[in-house]
Amino acid sequence: MALTPQNNDAFFREVDDEVRREKLGEAARRYGVMLAGLVVLALIVLGVALWWRSHRAAVAGEHGDQLIAAMASLNANQEAQAGKTLQTLVDTHDKGYAPLARMLQADILVKDGKAPAAAAAFLAIANDSAVPQQLRDVATLRATTIDFDTITPQAAVARLKPIAVTGNPWFGSAGEMLGVAYMRMGQPKQAGALFVAMTKDPTVPRTLQSRVAQLAADLGFDPVQPSDSPAS
């Protein structure tokens, strides 16, 4: 029995739909496992990321507790216990707490009268590029304060010049030592100009401004007097 044109169209549409369903089924069989795997992998990555964030927060809290415990031991004159706790923190290589633990270790050396070892310990922190710059600046200042009278003025200038600048929170302490180092090198102009700059910086403590103002005046410079400065 011959099919009418209408029946022919219906027949071909049905065949076409069947072919499409077969292709979709083949694609699903081919890529379905892959897509499911990607979804599972994405969920695993997300889960690991969330766990790692929680883990880091927990570890940071634990390291913070260890640092506080070490400081409490120091306050209680339990230096041996504090030393063990601090070394444990140093060994974690935590970017935040390990350098702080190293700073406290160096301070213990100062307390024990081991100045050369303390200066070396602070200098090692200052030269460690993995340590945050703010802590490196503090370590530089501490090391130079300890061995200022034993190193050459040139060495002191090399250490202090990068931090004895306006805007640095340690401008006052570093600037005073840098100026004295310039004076020891026979460079009064550099020393005087630095002292004058310190008298003009409102972040420099007033007592320190008074000292460097007198030094500047002795060198023939006209500093801003502390009474005229907004420093506190």
(request) Report the extension gain between residue 203 and residue 190 in nm, rounded to one decimal, defined as 0.36 nm multiplied by the number of residues separating them, less their alpha carbon distance. (result) 2.6 nm
(request) Could you state the orientation-averaged shadow area of the convex hull built on the Cα atoms of the range 63-139, in nm² to one decimal? (result) 4.6
(message) Just to confirm a number: summing +1 for Lys and Arg and -1 for Asp and Glu over residues other than residue 156 whose beta-carbon lies under 11 angstrom from that of residue 156, what do you get?
(response) +1
(message) Once R0 is set to 22 Å, what does the formula 1/(1 + (r/R0)^6) return for the Cβ-Cβ distance between residue 112 and residue 151, expressed as a FRET efficiency to the nearest 0.05?
(response) 0.55
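Taken together, the values in this text are just the output of simple stated rules run on the coordinates, not laboratory data. All figures in this text were calculated on a predicted structure; none of them were measured in a lab. Cβ sites come from the backbone with ideal geometry, for glycine too, and all protein chains shown count toward neighbours.
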